[in-house]
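Data first, discussion second: the structure below is written as structure tokens.
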């Protein structure tokens, strides 16, 4: 009897091993096929973005299934997916699951000072975690890169940019993080360094969002003064700063100051023949209270000119015979305060006539 039980147990064990081996082989083949399919789609420029996203996620899922949740290979596949543009639009819980996998595996496999953490933090800081969790990741990232401040200022600036590209969108103050670093960069790096200028831009955006307008203005003006406009990246930072300053100066009631930046943008970016100009600064029309309480809706088409300084002139309604008059009045008052980059011809700003815009009023 004892021999029969032992023989039966051995047969069961062998069966489990065989099943496990078959499963592992199937999982491996599934991953290799998904990975190959993803690479093939990436090599075809015409592949729709939705197909690329699905293929990349399938490669991650089959890889995680094959390697296991405690494998650094699975963590690295998650990092690759999160750092790609294909992660946009994925369910928050899926993204958090990927981030949790990365952090748990790296904490088990790597020391806190291992440079590979840079990629892990870069991937996980994009995940919509709680404010507390984001703060933890931010503090750990800053602690990891802190030694670079003295040993390699250039790399320190680059790694700060990698973090700040996420932080400046969050409801936190960036000044305590970036201002000391920027003061040190004044001594160690040229003023035109792209990483330094990018950090200044993120800090300026942060000041702007916190309504610290004067601090934001100072930084944007500094970027314009120092950016190397022969470099496309430097040119982009300069134009972003010009655009922000138009809005800041208009909000401060300093339209003349805003004009210089409207003209600078117009000179740098010729109008598109295929589409109308976009306002650099706009105010929304006021919804008449009497109409709002009655839930009246409507739309107004306004025709206007843009002068050589980017101001709106000669604003008037068109096709407004059946439009409630208060909608018309509110629309005209709003559009008259908009600012544009003026049109340029032969290197000079010129007036542009006959521009139109439609403003819609509705109560949901």
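Are any of the residues in the stretch 287-300 free of Cβ contacts under 8 Å to residues at least 60 places away in the same chain, surrounded by 14 or more Cβ atoms within 10 Å (Cβ to Cβ), touching a helix residue (DSSP H, G or I) at 6+ places or on another chain (Cβ under 8 Å) and closer than 30 Å to residue 217 by Cβ? No, the stretch 287-300 has no match at all.
Here is a check on your reading of the model: is residue 282 at pLDDT 95 or above, farther than 17 Å from residue 308 by Cβ and over 24 Å from the mean Cα position of the chain (by Cα)? Judged against the criteria, residue 282 is not a match. Of 65, 76, all but one fail to be buried (at least 18 other Cβ atoms within 10 Å of the Cβ) and either at pLDDT 90 or above or not in a helix (DSSP H, G or I) (or both); the exception is 76. Between 233, 243, the distinction of being more than 18 Å from residue 339 (Cα to Cα) and either modelled with pLDDT of 95 or more or not assigned by TED's automatic domain parsing to the domain that holds residue 355 (or both) belongs to 233 only.
The residue that is surrounded by the most Cβ atoms within 10 Å (Cβ to Cβ), among those in the stretch 270-283 that are assigned to a loop (DSSP other than H, G, I, E, B) and touching a helix residue (DSSP H, G or I) at 6+ places or on another chain (Cβ under 6 Å), is 280. Within the stretch 341-361, one or more residues are farther than 22 Å from residue 262 by Cα, touching a residue at least 12 places away in the same chain (Cβ under 8 Å) and exposed (fewer than 15 other Cβ atoms within 10 Å of the Cβ).
Just the residues that are under 15 Å from residue 137 (Cα atoms) and not in a helix (DSSP H, G or I), please, taken from the stretch 151-168. Answer for the stretch 151-168, where residues must be under 15 Å from residue 137 (Cα atoms) and not in a helix (DSSP H, G or I): just 168.
When the stretch 109-130 is limited to residues that are exposed (fewer than 14 other Cβ atoms within 10 Å of the Cβ) and in contact (Cβ under 8 Å) with a residue 12 or more places away in the chain, the one that is nearest to residue 181 (Cα to Cα) turns out to be 113.
Pick out the one residue from 267, 233 that is assigned to a helix (DSSP H, G or I), surrounded by fewer than 18 Cβ atoms within 10 Å (Cβ to Cβ) and touching a strand residue (DSSP E or B) at 6+ places or on another chain (Cβ under 7 Å).
Just one listed residue meets the conditions, 267.
Would you mention how many residues in the stretch 41-60 are surrounded by 16 or more Cβ atoms within 10 Å (Cβ to Cβ) and touching a residue at least 24 places away in the same chain (Cβ under 8 Å)? Of the residues in the stretch 41-60, 7 are surrounded by 16 or more Cβ atoms within 10 Å (Cβ to Cβ) and touching a residue at least 24 places away in the same chain (Cβ under 8 Å).
The set of residues in the stretch 176-200 that are in contact (Cβ under 8 Å) with a residue 40 or more places away in the chain and either out of contact with any helix residue (DSSP H, G or I) (no Cβ under 7 Å at 6 or more places or on another chain) or over 26 Å from residue 133 (Cβ atoms) (or both) comprises 192, 194, 195, 197. When you scan the stretch 24-38, do you find a residue that is over 31 Å from the mean Cα position of the chain (by Cα), at pLDDT 50 or above, more than 18 Å from residue 80 (Cβ to Cβ) and exposed (fewer than 12 other Cβ atoms within 10 Å of the Cβ), even just one? So far as the stretch 24-38 goes, yes, one or more of its residues are over 31 Å from the mean Cα position of the chain (by Cα), at pLDDT 50 or above, more than 18 Å from residue 80 (Cβ to Cβ) and exposed (fewer than 12 other Cβ atoms within 10 Å of the Cβ).
The values are calculated or read from the model by the stated rules, or taken from the named source; none is laboratory data. Note that the structure is a prediction, hence the values are computed from the model and not measured. Every residue, glycine as well, gets a Cβ built from its backbone with ideal geometry; the counts of neighbours run over all protein chains shown.
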